[in-house]
Every structure is written in structure tokens, then in C-alpha cells.
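The values are calculated or read from the model by the stated rules, or taken from the named source; none is laboratory data. What you are looking at is a predicted structure, and each value in this text was computed from that prediction instead of being measured. All Cβ positions, glycine included, derive from the backbone under ideal geometry; neighbour counts span all protein chains shown.
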Amino acid sequence: MKHSLQVLIFAFSSSLILSSTLLTAEDWPAFRGPRGNGISQETEVPVKWSPTENIVWKAPLPSDGNSSPIVSNGRVFVTCAENEGRKRSLYCFDRTNGKPLWVRTVNFDKVMPTHKTNNYCGSTPVADGKRVFVWHASAGLFCYDFDGNELWNRNLGEFEHIWGYGASPILHEGKLILHCGPGKRVFMTALDPDNGKTIWETEEPVEADGQYNKDRKYMGSWSTPVIAEINGQKLIICSMSLRVNAYDPDTGKIIWSCDGLRGQKGDLVYTSPVLANDVCVAMGGFNGPAIGFRMQGTGDITASQRLWRKEPNPQRISTGIFTKDHLFMANAGPNFFQCINPATGEILWQERGGAACWGSLILVNDHLYVTDQNGTTHVFKPDVKRFEKVAQNELREKSNSTPAFSDGQIFLRTFQHLYCIGK
């Protein structure tokens, strides 16, 4: 009887441990994670590592790139481009050992313009556990199964911009959502993930050729949309070059928009909007404006709902994190970490970091992680009173990417390798 009771207790304890593991371990199937907000449910991930410590495996990559890895159903996916964008590839690795499983390359003969800091294949793929979707801009949108078989592809048009492309697709309630641009034609679209057919498409007005505004200053948005639920209504929210739009996921209708992103140096956006309860914070790039507004009303809500607008600001490419009722940012010049009150835009503290941060912040187990351009991942606490550094992890390889967190491991892309970091 005593032995049976011990077995029962052990089985019950194991069940609790397994349940706890299942609750906290999850895939990272999209840019900025399963909820698109940069917040992970993981509880056991490394805080410290080095080129020789806590490296489970590393796999060589053929070229640099700004896209980020995703993790889905035992696979790790990342994009790479070669030969001035004539070869745009999706790579699939085994997450357990880093073994390359397959690569699918799209050949595209025309060399499109881009900035020297933004290699082709800047868009992060998205996966649903069975299929992976990757956008190669002018080279097309592609869907593969997890064995690398092409299921469908779509030509959504030509997207030409002097600084290239970088927005990433997301999945939401049976729809593949994509912000297409920048360039002469910019639009938000929803497609059927089963066959790539368009469900809806909503045009966004641009000025001149979409590369320069009417004042001959730069314009364009590289923002990946996020999903919000406001008063029981689901919305797709995205920062465009001049305004923030909220789209009805079923129809693509713009429910509301808020102006304020036109900047003194141009109309540029690199970050995704950050949702801070009922307030949305959007950041312009190239030292452009930041705005905060209540997500209420219909039509143009600028006059009635915008709470604040501030310009100039640091260069902002990294998307921040909202936690503990505050917004935390990692900037790209000057290279400050910041804590901001989203209701007022007030900076509560700022601390100089290392190199510029292009990768976005991730919140994991009450720690903020961000990788700078030198490949150093900074770990600090989301303290609203002061900067509290926890660790500074150097890989000594350049990086512009955002790490993925899944099942106790970190997947980090540098210009040279894909790393799996774990205990």
C-alpha cells in the first residue's frame, strides 16, 4: 500500500510538472512571438552565455540579414539572401541539433534597390506548425509545408524602395495578414493561408513615388502589424508612414486612424505599435515623432484621442515592451535604454547601452532581452525607477535581429550563424 501511494504521489507530481511545462513552454512562430507583443511565457531560459558557455549548437548562415528566426513544431526557420537579392531563401533547421533540413530558394533576376544596412530577406517568416509562410517582397509570397514542399505562391506586385523592405506577415484567426510596402503602392491585405487567395486588400495613400514625400524627404513604413482587442472588438493595428490605422480583420475596413507620424526629417516608421492597455504608442524613425493616443472612436481620432506627440527622439528601429504600466525602449542613436510613461510620453529614466539596437526587446520571466548590432544581448530588469542591468552577453558577431524564445532555449541570428542557447 505504501509503495502504491508513493507511485501515485510520484505520478501526480510528474503530472503537475508536465502540466506546468506545457503551460510555460511554447513555440515562437512569428516575429516577436506567438502573440506578436514580444512577451514570452517561458520561465526557465538562460540569462548568461558566451561563445563557449550555454551554446547548445550553432549553424553557419550564408549571408548577413535583418530577419529573425522563428520556431515551430521542432523546426527553426530563417531567411537569407545571396547575389544581390537574386537568390532569396528560406532555411529550415532541426531545433534539437541545428542540422539543416532543407532550403528553398526563389530566383529573382532583377536587382532591387535597398540600403547597405538592410540586406534582402529582411522579412521574418510565420508558421502554424504545419506550414510556413515567407514574403520575399517583389519576388513573391510563398507557402511551404514542413518538409519543404511548395504549396502555393503569390505575386503581390513590385515593391521598390531605396531602403528595401522588412515588414513581416502574421497569422490571425485563419487569415494571413501582410503589410505590403514600402514603394509606389502600399496596402494591407488578408489572404487565405490554404491557397493564398486574397480575402481583402486596403490601399494606403502615398505621396509621389512612395520613397519621397511632397517635400522631397524620405517616406516609408517597415512596421509589422499587431493584433488588439479593444472593448471586445479585434483589430489589426499598424503604423504607416503618416498615421496609425486600425483595420477590421474580417473586411479590411479602417475603423480608425490617428495622425502624427509625419516628421521634420521625413515620414518614416520602423517599429510596430505598442499597445499599453487602452493606449497605443507609435514611434517614428530617423529621429521622428512619437505619439500616444487612446484606441477609441471611429474615423480620424487624432483631435479627440491623441494624448501627446513628441519630436525629435532617438533613432528608433527596435520595438519596445509594455509591462508594469510602462514602456521600455532600446534605441539606435543615441543608444539609450529608456523607461517611458505611455500616457504622457514622459521619460522616467534613460541609460546609455552598448551598440545601437535594431533587434526588438523581448520580455521573459521578468527580464528584458535585446541584442545590439555588435551581437551583445543585454539583459535588464523592467524597473520603472532605474536601469538594473542583469547580464551582458557577447557573441562578437554582428546582428540586427530579434531572438526567439522556446522551451527553455533562445534562438539568435547573427550575420554569421544561427545559435541555439540553452542550459
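At-a-glance table
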| quantity | calculated |
| --- | --- |
| Yes/no for Phe415 being surrounded by fewer than 19 Cβ atoms within 10 Å (Cβ to Cβ), more than 24 Å from Pro34 (Cα to Cα) and touching a strand residue (DSSP E or B) at 6+ places or on another chain (Cβ under 7 Å) | no |
| Filter result for Glu397 (acidic (Asp, Glu), without any contact (Cβ under 8 Å) to a residue 40 or more places away in the chain and either buried (at least 24 other Cβ atoms within 10 Å of the Cβ) or within 21 Å of Ser123 (Cα to Cα) (or both)) | yes |
| Any hit, the stretch 354-376, residues being modelled with pLDDT under 95 and farther than 22 Å from Ile70 by Cα | yes |
| Unique match (being of a type in the set (D, E, K, R), more than 18 Å from the chain's Cα centre (by Cα) and closer than 30 Å to Asn277 by Cβ) among Glu84, Glu44 | Glu44 |
| Filter result for the condition that a residue is of a type outside the set (A, V, I, L, M) and closer than 27 Å to Asn155 by Cβ, over Thr114, Thr52 | Thr114 |
| Those residues of the stretch 323-334 which are among the small types (Gly, Ala, Ser) and either in a loop (DSSP other than H, G, I, E, B) or under 16 Å from Lys265 (Cα atoms) (or both), in sequence order | Ala332, Gly333 |
| Options Lys385, Lys310, Lys398, Lys381: the member that is basic (Lys, Arg) and within 28 Å of Gly98 (Cβ to Cβ) | Lys398 |
| Residue within the stretch 326-345 that is over 29 Å from Gly263 (Cα atoms) and surrounded by 17 or more Cβ atoms within 10 Å (Cβ to Cβ) present | no |
| Matching residues in the stretch 335-376 - criterion: being among the β-branched types (Val, Ile, Thr) and either without any contact (Cβ under 8 Å) to a residue 40 or more places away in the chain or at positive phi (or both) | Ile347, Thr376 |
| Members of the stretch 64-102 that are loosely packed, with under 14 Cβ neighbours inside 10 Å and in a strand (DSSP E or B) | Pro100 |
| Selection within the stretch 206-237 - without any contact (Cβ under 8 Å) to a residue 40 or more places away in the chain and within 24 Å of the chain's Cα centre (by Cα) | Val206, Glu229, Gln233 |
| Inter-residue pairs, beta-carbon under 9 Å, first at pLDDT 95 or above and of a type in the set (S, T, N, Q) and in the stretch 173-189, second surrounded by fewer than 24 Cβ atoms within 10 Å (Cβ to Cβ) and not in a strand (DSSP E or B), 6+ apart | Thr189/Leu156; Thr189/Gly252 |
| The stretch 29-54 residues that are more than 10 Å from Ala404 (Cα to Cα), paired with ones that are part of a strand (DSSP E or B) and among the aromatic types (Phe, Trp, Tyr) (beta carbon under 6 Å, 6 or more apart) | Glu42/Phe405; Val45/Phe405 |
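The rows are residues; the columns are (1) of a type in the set (Val, Ile, Thr); (2) over 17 Å from Ala290 (Cβ atoms); (3) in contact with a Cys (Cβ under 9 Å, 6 or more places away or on another chain).
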| position | (1), (2), (3) |
| --- | --- |
| Pro205 | no, yes, no |
| Tyr212 | no, yes, no |
| Ala246 | no, yes, yes |
| Gly263 | no, no, no |
